Amino acid sequence: MHVAARPKKVGSWYAVGALVAHFRKKARLTQEQFAELANLSVDTVRSIEQGRLTLQPDRAEQFDELLDTGGALAVLVAKLPIRDRIVQFAQGLVDHEQEAMSILSYQSLVVPGLLQTRDYCRAVFDYRYPALGSETAEQWVSARMERQLIWQRDRPPVGHFVLEESILRRQVGGPEVMQEQIRQILEYTEPVHMSFQVMPENRTPHACLDGPMVLMETPEYERLVYLEVQRASFLVDDPDEVSDYHLQYGMLRSQALSPDESVRLLKGLLGES
């Protein structure tokens, strides 16, 4: 069964925004006056109060100080789960990602979020069209970096990634950003629970020309597949369909470069032997 993840009309950030508005009004400040005090645009203040823009921890501390809240906003933001800091159409993925026992990922356009450096991630968001506001982009970057904490769990998930070679050759953010990104991928290949393969540009047959996918296994041994297209996403949990995706991923692994060959390619891109 395909379960579409759609944007929600209610959520934690609406409550946070309402609390910001409450404290602002209690301080007898208009949105314009508060925006000037916080060195923000009035549109940003409106977006936060309406729950359309998340309140990041450093901004929450600033608001607490300006509005004399006793730290209430910072405490509330710190207690929110990671999923509430993620763009809403991707929240289904993040819910399962945080506790997954294994994550198998094939990507055809960009380095997967769980492996991205901050600079690469920011460049990806900077390239979006229509453009994101700088405040929104920085929040999405921070949320994506926070997702990577799963690799620091006491028992991190098994991670396997297959990337198209073209991803590694596209200069997202420029040569220096890409070199840093490739070095980080190399670091991620070192732990025993992590593995990485490159699908060469000229390799055929190719089992995954239909597009990217993420396969996960939960602590309850449930297997799921996450598919994303533009601003829509789907979680597949039907056992027959999930089995087909696992067969597809297994074939892709056999067609891609071996892990050792992939490491040599990465080092070659860095100019190393």
Scanning segment 91-114 residue by residue, those surrounded by fewer than 18 Cβ atoms within 10 Å (Cβ to Cβ) and part of a strand (DSSP E or B) turn out to be Ser102
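Evaluate the following for Tyr226: is it assigned by TED's automatic domain parsing to the domain that holds Ile167, part of a loop (DSSP other than H, G, I, E, B) and of a type in the set (Ser, Thr, Tyr)?
no
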Of those in segment 123-156 that are more than 16 Å from the chain's Cα centre (by Cα) and not in a helix (DSSP H, G or I), the residue surrounded by the most Cβ atoms within 10 Å (Cβ to Cβ) is Pro156
Contact list, first residue from segment 93-113 and without any contact (Cβ under 8 Å) to a residue 40 or more places away in the chain, second anywhere and crowded, with 18+ Cβ neighbours inside 10 Å and not β-branched (Val, Ile, Thr), beta-carbon distance below 6 Å, six or more apart or interchain, is Asp95/Arg83; Gly113/Arg144
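Can you say whether Gln248 is in a helix (DSSP H, G or I) and farther than 19 Å from Val111 by Cβ, as far as the supplied structure shows? Outline the logic, then answer.
On the way: in a helix (DSSP H, G or I): yes; farther than 19 Å from Val111 by Cβ: yes.
Here the answer is yes, as Gln248 does meet what is asked.
Against the condition outside any helix (DSSP H, G or I), closer than 21 Å to Glu146 by Cβ and of a type in the set (S, T, N, Q), how does Thr54 come out, does it pass?
For Thr54, the condition - outside any helix (DSSP H, G or I), closer than 21 Å to Glu146 by Cβ and of a type in the set (S, T, N, Q) - is met.
Confirm whether Pro175 is more than 15 Å from the chain's Cα centre (by Cα) and within 14 Å of Ile103 (Cα to Cα). Outline the logic, then answer.
Working: more than 15 Å from the chain's Cα centre (by Cα): yes; within 14 Å of Ile103 (Cα to Cα): no.
No; evaluated as a whole, the condition is false for this residue.
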So, first residue over 14 Å from Gln230 (Cα atoms) in segment 118-129, second residue of a type in the set (Lys, Arg) and in a loop (DSSP other than H, G, I, E, B), Cβ within less than 8 Å, six or more apart or across chains; the pairs are none
Looking across segment 163-210 at residues that are of a type outside the set (D, E, K, R) and part of a strand (DSSP E or B), the single one that is surrounded by the fewest Cβ atoms within 10 Å (Cβ to Cβ) is Ser195
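The values are calculated or read from the model by the stated rules, or taken from the named source; none is laboratory data. Fair warning: this is a prediction, and the values are worked out from it, not measured in the lab. For neighbour counting, all protein chains shown are included, and Cβ atoms are generated from backbone atoms with ideal geometry for every residue, glycine included.
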